[in-house]
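Notes follow once the structure below has been shown.
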Amino acid sequence: MSEAAVREATPLATAEARFEREGDLLRFGGALTTRQAPRIWAAALRAAKGARRIDLASVTVLDTTGATLVLHAAAPEDAVVEGASAPVAAVLERARAALSAPRPRAAPPPLPVVGRVGAWGVAGLRRARAGIGFLGETAAMAAAVLGHPRRLRFADLLRHLDEAGLRAFPLTVLLGTLIGVILAFQSSIPMRMFGAEIYIPPLVGISLIRELGPLIAAVILSGRTGSAFAAELGTMTVNEEVDALRIMGVEPVAMLVLPRLLAAALVMPVLTLLMNLSGLLGMTAVMYGLGFPTPLVVTQLEQWLTLGSLLGGLGKSVFFGIVIAGIGCRAGLLAGRGPRAVGDAATSAVVGGIVSTVVLDGLFAILFFRLNW
Amino acid sequence: METPDIHRTAVADPVVEAEGLAMAFPGNTLFRDVSFQVGRGEVFVILGGSGCGKSTLLKLLIGLHQPTAGQIRILGEDLLGAGGRTRRDLLSRFGVMWQSGALFGSMTLLENVMLPLEEHTRLPPAAREEVARLKLGLVGLSEAADRLPAEISGGMAKRAGIARAMALDPPLLFLDEPSAGLDPITSAGLDRLIQDLARDLGTTFVVVTHELQSILAIGDRCIMLDKQAQGMIAEGDPRELRDHGTHPTVRAFFRREAA
């Protein structure tokens, strides 16, 4: 053990760091340690200007932080360091060697604007190509599994049905009821101006079953399940589990993606239906509060709601489920390296899931309009 | 639980003192009655087979877990009993290198090493960077200062972990499995680094490992834990234990024999 090691707990180490300038000599003293050196750092470097010799004879303890200070003080004039005891000199020598090691090469200058736009475009094209590849692989694998349903892992399917479906029921009921209550209350004020409060049930009912039910169920699926798929598959990708599957001859898409896609496609109509029913219940409660008896509300709903509207909403929710699960799985499987990759994958799954659901919903709106559905 | 292989050494100036440590989970006693002292400037090795509680013992020593029984003093202070400033002060006086490096993934190696300096010192920013560069230089990572942890190898991550642990020049460093999973050359380089730092900077090391070559290369003294004995079965100079150990597990360990 060198004497330089005798630190903090010893009287030597508690001696305050100090410096003084005499002519061309800068003299350090006391304990030049991580604790003591910062106190004198700036002043000592100012005092070091022009010093040609640095005396360390009174330095009791030197650690690598103190050594950095001494070497910095010596650097401008290439001052001679003298008087150091053997242990202090050993630390100084080690620090000198460490500081003189080659630094990282300077980063290449940033690309010009045109180059950056090009790089951004190329990266976008690569991402698109990977996305199309994923879509093709999934479609091909789905077709293959249709021919051999045994290749589908039913145990996994059940687990995902439970996680994406059953466990989302309470949240769906809560949100559905609240949406029904809010819509009924918000529409009651303008409707009352026209004496048309009796039309609140069809207004809320049609909004829910055609549009809001599938859309909000999709947001729930995206936030709860799409992100979970991305995080789970992203972690597997980062841990090289996906590569291990490929090497074992197991198609990651068949094992990991298809059960999730199927589960999402199956749970979405159920979640949507639950959302619709909860919303209608919430609306009925508000109507009751406004003085409309429940049988009247039910009669209004029967008169205005069609099976076609309900089936249209449930049908598009299946596509929402497939798209959300697909985007979540793709984000997970294409996750990069490092600890941020999983977080990035989950974020892009949620954002991508919600954006594509709304875009898809727009396309359905045009389609239904053209079909006069 | 005295066994013939426990050779207690009186330590004049102990940096770590463990007295009667026990750790038990419901239905499972990991170890009990573990006592030892680590002297200033020593490289002290905690060794044993997988699952014997080496890493748990390390976590007790650094105050992450509470022992079921026993006392721990680090640099003369009771870490578990310390609160507020005393605890913060004590935490700045030892460093830990985690098994996987535990580097912060969103920061470069340089920023990783600068973090403790920002938290615990009042060095000017430029000086902090210079001190952090020096620490990376000490472990031979100067050129990788601007890289992210995801861009470096396992051996480099461990060395960067040591650099970060040394950021504040603590007198005491805990290393968890420094050479596990590394090739022999990198592993030998790390052993050399530990020896150099112990010699030149006088740092005390408490190293958890089961790498036999490392133990013999760097260990001044060691203790050995055993799963079956639920505690310590040996204490002393690892080379002595290799040549003269009598406990069957100690002999099997040092001769690399299957149990």
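Values quoted throughout were computed directly from the atomic coordinates according to the rules given, and no laboratory measurement underlies them. These figures come from a predicted structure and were not determined experimentally. Here the Cβ positions follow ideal geometry from the backbone for every residue, glycine too, while neighbour counts run over all protein chains shown.
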ask   = So what are the ³J(HN,Hα) numbers for region B:13-23, from phi and the Karplus equation (6.51, -1.76, 1.60; θ = phi - 60°), rounded to whole Hz, Gly and Pro as x?
value = 10, x, 9, 10, 10, 10, 10, x, 6, 9, 9
ask   = Does chain B come out rounded, prolate or oblate by the C-alpha gyration tensor, with a ≥ b ≥ c the root eigenvalues, rounded set by a/c under 1.5 and, if not, prolate when a/b is larger than b/c and oblate if not?
value = prolate
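Quantify how much of the Cα-Cα distance distribution of region A:127-371 extends past 33 Å, in percent.
The answer is 27 percent, as a whole percent.
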request  = Taking every pair of Cα atoms in region A:333-373, average 1/r, invert it to obtain the Kirkwood radius, and report Rg/Rh to two decimals.
outcome  = 1.32
A:R39 paired with B:Q66, simple spin-label distance in nm, labels 7 Å along Cα-to-beta-carbon = 3.7
task = Report the percentage of all Cα-Cα pairs in region B:100-169 whose separation exceeds 14 Å, rounded to a whole percent.
result = 48
request  = Taking the Cβ of each residue in A:L152, A:L333, B:L134 as the centre, tally the other Cβ atoms inside 10 Å and list the residues starting with the fewest.
outcome  = A:L152, A:L333, B:L134
remark   = Amide H neighbours of A:I54 at under 5 Å, excluding residues fewer than 5 places away on the same chain, with H built from the backbone geometry, are A:L26, A:V80, A:V81, A:E82
query = Just from its helices, what would the mean residue ellipticity at 222 nm be for chain A, if runs of 4 or more DSSP H residues each count -39500 (n - 2.57) and the sum is divided by every residue, rounded to the nearest 500 deg cm²/dmol?
reply = -22000 deg cm²/dmol
task = For the protein assembly as shown, divide the Cα radius of gyration by the Kirkwood radius and give the resulting Rg/Rh value with two decimals.
result = 1.13
Net charge over other residues, Cβ less than 13 angstrom from the Cβ of B:R159 (K, R count +1; D, E count -1) = +2
note = Ranked from fewest to most other Cβ atoms within 10 Å of their own Cβ, B:V38, A:V318, A:V114, B:V113 fall in the order A:V114, A:V318, B:V38, B:V113
ask   = Restricting to the protein assembly as shown, what percent of DSSP beta bridges are antiparallel, rounded to 5?
value = 45
query = Residues of B:101-108, mean number of Cβ from any other protein chain within 10 Å of their own Cβ, rounded to a whole number?
reply = 2
5 angstrom amide H check on B:S35, placed H, neighbours 5+ away = B:G20, B:L21
query = Given chain A, what percent of its DSSP beta bridges are antiparallel, to the nearest 5?
reply = 35
task = Could you point to the residue in A:G289, B:A198, B:L64 farthest towards the positive end of the protein assembly as shown's charge dipole, with +1 and -1 charges on the Cβ of Lys/Arg and Asp/Glu respectively?
result = A:G289
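Please find the FRET efficiency linking A:D243 to A:E302, where r is the Cβ-Cβ separation and R0 is fixed at 45 Å, and quote it to the nearest 0.05.
Result of the calculation: an efficiency of 0.20.
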request  = Enter the Cα centre distance for the pair region A:106-121 and region A:319-339, rounded to the nearest angstrom.
outcome  = 28
message = What are the ³J(HN,Hα) couplings of region B:41-47, residue after residue, when phi is run through the Karplus curve with 6.51, -1.76, 1.60 and θ = phi - 60°? Round to Hz, x for glycine and proline.
response = x, 7, 9, 10, 10, 9, 10
key: For A:F19, A:F292, order by how many other beta-carbon atoms lie within 10 Å, fewest first   = A:F292, A:F19
request  = For chain B, find the longest principal axis of its Cα atoms and tell me its angle to the long axis of helix B:125-138, 0 to 90°, nearest 10.
outcome  = 40
request  = Assuming a ≥ b ≥ c are the square roots of the Cα gyration tensor eigenvalues, decide whether region B:129-217 counts as rounded (a/c under 1.5), prolate (otherwise, with a/b larger than b/c) or oblate.
outcome  = oblate
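What does the helix-only formula give at 222 nm for chain B: each DSSP H stretch with n ≥ 4 adding -39500 (n - 2.57), the total divided by the residues, and the result rounded to the nearest 500 deg cm²/dmol?
Result for chain B: -10500 deg cm²/dmol, rounded to the nearest 500.
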Nearest-ten-degree value, helix A:154-164 long axis tilted from longest Cα axis of chain A = 90
key: Nitroxide proxy distance, nm - points 7 Å out along Cα→Cβ at A:L171 and B:D183   = 4.7
key: Phi-based couplings in Hz for region B:181-197 (Karplus 6.51, -1.76, 1.60; Gly and Pro marked x)   = x, 10, 6, x, 6, 4, 4, 5, x, 5, 4, 4, 4, 4, 4, 4, 5
key: Within region A:176-196, backbone nitrogen closer than 14 Å to the virtual label 7 Å beyond the Cα of A:A285 toward Cβ   = A:176-185
inquiry  = How tilted is helix A:227-238 with respect to the longest principal axis of chain A? Cα atoms for both, answer in degrees (0 to 90, nearest 10).
reply    = 40
Built amide H within the under 5 Å cut-off of B:I6, gap 5+ = B:E235
